[in-house]
1. In which sequence would T391, T80 go, from the one with the fewest C-beta neighbours within 10 Å to the one with the most?
2. How are the Cα pair distances of the stretch 175-243 distributed, in percent, across 5 Å bins from 0?
3. For the Cα atoms of the chain, what angle does the longest principal axis make with the long axis of helix 374-384, in degrees from 0 to 90, nearest 10?
4. Nearest 500 deg cm²/dmol is fine: what mean residue ellipticity at 222 nm does the chain get from its DSSP H runs of n ≥ 4 alone, each adding -39,500 (n - 2.57), divided by its residue count?
5. Any idea what angle helix 327-341 forms with the longest principal axis of the chain, computed on alpha-carbon atoms, 0 to 90 degrees, nearest 10?
6. Can you sort W214, W462, W421 by how many other beta carbons sit within 10 Å, fewest first?
7. For the stretch 224-282, take N as its residue count and report Rg(C-alpha) divided by 2.2 N^0.38 Å.
8. By how many degrees, between 0 and 90 and to the nearest 10, does the Cα long axis of helix 348-362 differ from the longest principal axis of the chain?
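Just so you know, all these numbers are worked out from the coordinates, no wet-lab data involved. Quantities reported herein were computed from a predicted structural model and do not represent experimental measurements. Virtual Cβ from ideal backbone geometry, glycine too; neighbours counted across all protein chains shown.
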Amino acid sequence: MKCVKREFLHAALRKTAALLCVLAALLLRPASAFAEEETLRLLPRAVECGTEISPEELLAPNGCPEGAALRFAGTPDTQTLGSITVKVIASRDGQDVAEAETEVLVCDRVLRLELNGKSYSGLKLREMTDMSLHGFHPDRERFAADTAGVFPLMLTKGKEQLLVGMEVTDTVAPTGEPTGIACFLGYPRSAEDFVTKLRDEQEVTVSFAEEPDWDKAGERKVGILLTDASGNRTELRIPTEFRRDDTPPVLTVNLKTNYYVGETVAYMKSVSAVDDMDPDCSISVDKSRVRQREVGVYPVIYTAVDRDGNESRVTVELNFFEPSVTEEELDAAAQEVLDKILTEDMSTAQQARAIYRYITSHLRYSGHSEEKDWKGEAVKGLTDFYGDCYTFFSVSYLLLSKIDCEVLPVERIDGRTTHYWCLVNLGTGWYHFDTTPNQLRGECFMKTNKELYLSAAGRYFWKYAVDDFPEVAEESFKMF
């Protein structure tokens with residue numbers, strides 16, 4: 001049977017050629033397999049009109065299930081120009097084991113090119129078409145094919161047109177290098193962990209040739225398969241050591257050590273453990289020797305254990321002491337100041353602003369304080385009017401705790417010296433509140449992280465354990 005007469009198709013082809021060229025890169029790609037174990041991989045092909053094709057001609061390298069026979073799900077129609085979808089079924093012992101689809105471009109002429117690190121431009125195409133189709137010219141100035149697939153191209157010679165299928169194939173297998181990783185018993189890794197520096201013209205899939213036994217110790221080779229989109233495959237046999245994890249977790253404890261007698265201790269706050277393999281290592285605390293209601297120094301023992309029994313321990317001594325001032329003295333000192341600076345018509349934000357202004361205008365920096373006793377420092381600051389950052393913090397913390405807001409103490413981390421300030425929530429989110437004089441950003445009244453961290457010096461000066469506190473607001477504070 002002859003092909004459908006070309007004269008009747010040329011008008012329609014001229015209208016659809018541009019669309020085909022745009023869509024071809026999406027339509028004519030290797031089809032994915034349905035089953036993980038029984039894989040059938042097909043590639044797009046171009047065939048001349050009237051040519052019979054077999055399922056085997058559509059196979060990608062290593063694309064057929066072992067021992068399977070192939071058949072079409074319906075005979076492909078290659079008598080009409082255009083793109084057709086073809087389904088192939090793989091069967092073994094009378095049972096269908098896999099199926100896949102691909103695109104076949106039925107055309108006037110086929111040009112086959114190998115990718116091999118090349119991309120094909122209009123100049124190269126014209127040289128090729130002049131050799132096999134003398135006098136015909138591509139319908140575009142430039143045409144680039146830098147990946148495998150089938151690309152339709154319309155060639156013109158006077159009033160005559162030909163639909164050409166540009167079949168770009170990739171026959172080069174991907175390459176890669178071993179990473180040299182060690183494997184620990186009981187901790188599976190992905191195939192991608194074993195290989196690096198992948199090189200190929202197309203996307204590469206990395207998989208195991210056979211799943212390793214993750215619980216068996218010793219040195220053996222792990223098979224890694226590198227497969228590109230055209231089905232080209234490389235197998236790497238990588239010598240790998242499988243051994244027990246013997247590295248203990250890294251245990252970090254940043255627990256506050258000074259407490260008033262009877263004060264509650266947040267034992268697990270600022271405690272973390274990081275293990276090289278186990279993401280869920282356990283942390284326990286032994287606080288059996290602590291007597292919170294009695295003055296004294298008591299040991300607290302933290303233990304982190306990973307899944308393999310590797311253990312780390314950290315001992316922290318907690319100091320419980322009596323405050324240097326009574327609650328009555330503390331309240332009286334605060335109330336005396338608040339009576340002077342607050343009025344009944346003030347909003348909470350205005351009260352906080354008045355507290356900030358009072359502290360920054362009445363206290364002077366001296367560079368010394370008794371850091372463990374914030375209550376004593378607060379009274380000293382309100383009576384003697386001097387002290388260091390701990391004194392400024394203590395006065396701020398005391399006065400803010402007397403108005404309708406939430407307030408938390410904050411301490412600098414990773415610094416050469418200590419620094420203290422407050423986080424405050426007046427009802428519109430958490431902000432930084434620091435009355436200590438500084439040379440960096442000037443006033444620190446209700447500031448966001450972004451506002452404090454505009455410079456490296458600011459990021460150092462107000463660096464704190466962010467994860468241990470509520471999230472700070474992102475919008476600048478507005479008075480209300």
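1. T80, T391
2. Bin by bin from 0 Å, the calculated values are 4, 19, 29, 24, 13, 8, 4, 1.
3. It works out to around 60 degrees.
4. Computed mean residue ellipticity for the chain: -6000 deg cm²/dmol.
5. So the inclination is approximately 80 degrees.
6. Final ranking by Cβ density, sparse to dense: W214, W462, W421.
7. Rounded to two decimals, the normalised Rg is 2.25.
8. 60 degrees
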